[in-house]
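Note sheet for the following structure.
Every number in this text was worked out from the coordinates using simple rules, so none of it is lab data. Bear in mind that the values here come from a model prediction, so they are computed numbers and not experimental data. Cβ placement follows ideal geometry from the backbone for every residue including glycine, while neighbour counts extend to all protein chains displayed.
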Amino acid sequence: MGTVTKIVDGESTGFDGSTVLVMTDGSIYRQTHYYYEYHYQYRPQATIIDDREVILPGIRCPVRVERLR
């Protein structure tokens with residue numbers, strides 16, 4: 001799997017415990033671990049690690065996710 005970089009399709013407000021991120025390539029990731037941090041961004045570049053964690057610029061730590069599509 002490894003690490004890939006994708007672009008969030010539209011805006012992101014960070015993580016709220018149940019965040020769903022839709023990427024420009026059509027992939028969708030849902031937050032699985034509770035973490036809250038607000039940080040507004042438009043089309044941020046997301047780093048995806050093994051389809052299990054997402055790192056967004058301005059967010060202090062990686063957040064666990066599951067890939068839905």
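General observations
- Residues located in region 42-69, provided they are surrounded by 16 or more Cβ atoms within 10 Å (Cβ to Cβ) and small (Gly, Ala, Ser): ALA46
- Some residue of region 34-41 being out of contact with any Gly (no Cβ under 9 Å at 6 or more places or on another chain) and surrounded by fewer than 16 Cβ atoms within 10 Å (Cβ to Cβ): no
- Condition check for THR24 on (1) touching a Ser or Thr at 6+ places or on another chain (Cβ under 7 Å); (2) exposed (fewer than 15 other Cβ atoms within 10 Å of the Cβ); (3) β-branched (Val, Ile, Thr): one failure, at (1).
- Residue match in region 34-57 (condition: assigned to a strand (DSSP E or B) and in contact with a His (Cβ under 8 Å, 6 or more places away or on another chain)): no
- The set of residues in region 1-21 being part of a strand (DSSP E or B) and either in contact with a Ser or Thr (Cβ under 6 Å, 6 or more places away or on another chain) or among the hydroxyl-bearing types (Ser, Thr, Tyr) (or both) consists of THR3, THR5, ILE7, SER12, THR13.
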